[in-house]
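**Q** Got a structure for you, written out below as structure tokens; questions coming shortly.
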Amino acid sequence: MRVRAASYSPLPMLLQESAGRHGTKFGTHVIVDIIANTLRIFGEGMKVACEITLMAADSGLVRTDEDIVAIGGSGRGADTAVVLRPVYSHEFFDLRVKEILCKARF
């Protein structure tokens with residue numbers, strides 16, 4: 001079994017939050033904001049787990065032809081683990097979360 005670890009740093013370009021919102025929660029409807037906030041419905045950890053998977057695939061740290069376990073969370077620690085098949089950022093809409101192993105309770 002291979003184990004790879006990647007640290008969480010700024011979001012990949014596809015999911016980067018846009019700056020300059022104008023008075024509403026989303027301001028203009030920017031697709032990256034919609035994606036990020038939709039993933040947050042399941043918790044910050046789900047968003048982070050998906051983001052780090054994209055970053056790991058883009059940087060060649062994980063293969064895109066086999067499932068992995070991605071772990072995410074917030075500043076308070078890791079609270080979400082999912083099984084998914086990595087994809088590159090430009091293929092984001094092909095990303096499939098196959099199993100939620102654990103997630104934070106709200």
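The values are calculated or read from the model by the stated rules, or taken from the named source; none is laboratory data. Since the structure is predicted, the reported quantities are computational estimates derived from the model, not experimental observations. Virtual Cβ from ideal backbone geometry, glycine too; neighbours counted across all protein chains shown.
**Q** Pick out the one residue from GLU44, GLU51, GLU66 that is at pLDDT 90 or above, exposed (fewer than 11 other Cβ atoms within 10 Å of the Cβ) and not basic (Lys, Arg). If you could, list the steps in order and put the result at the bottom.
**A** Working: GLU44 fails: exposed (fewer than 11 other Cβ atoms within 10 Å of the Cβ); GLU51 fails: exposed (fewer than 11 other Cβ atoms within 10 Å of the Cβ).
Selected residue: GLU66, the only one of GLU44, GLU51, GLU66 that is at pLDDT 90 or above, exposed (fewer than 11 other Cβ atoms within 10 Å of the Cβ) and not basic (Lys, Arg).
**Q** Okay, next question. Of these, ALA70, ALA57, which one is assigned to a strand (DSSP E or B) and within 24 Å of ILE31 (Cα to Cα)? Lay out the reasoning, then the answer.
**A** On the way: ALA57 fails: assigned to a strand (DSSP E or B).
ALA70 is the lone residue from the list that is assigned to a strand (DSSP E or B) and within 24 Å of ILE31 (Cα to Cα).
**Q** Go through region 52-72 and report how many residues are within 11 Å of the chain's Cα centre (by Cα) and either among the aromatic types (Phe, Trp, Tyr) or within 18 Å of CYS102 (Cβ to Cβ) (or both). Spell out how you get there, then give the answer.
**A** Within region 52-72, the first condition is being within 11 Å of the chain's Cα centre (by Cα), and the residues that meet it are 52-56, 70-72.
Applying the additional criterion that residues be either among the aromatic types (Phe, Trp, Tyr) or within 18 Å of CYS102 (Cβ to Cβ) (or both) yields 52-53, 70-72.
Counting residues in region 52-72 that are within 11 Å of the chain's Cα centre (by Cα) and either among the aromatic types (Phe, Trp, Tyr) or within 18 Å of CYS102 (Cβ to Cβ) (or both) gives 5.
**Q** If I go through region 70-106 residue by residue, how many of them are β-branched (Val, Ile, Thr) and touching a Leu at 6+ places or on another chain (Cβ under 7 Å)? Quick ask: steps written out before the conclusion?
**A** As a first pass, look at region 70-106 and keep what is β-branched (Val, Ile, Thr): 71, 80, 82-83, 87, 97, 100.
With touching a Leu at 6+ places or on another chain (Cβ under 7 Å) added as a condition, the list becomes 82-83, 87, 97.
Going through region 70-106 one residue at a time, the tally reaches 4.
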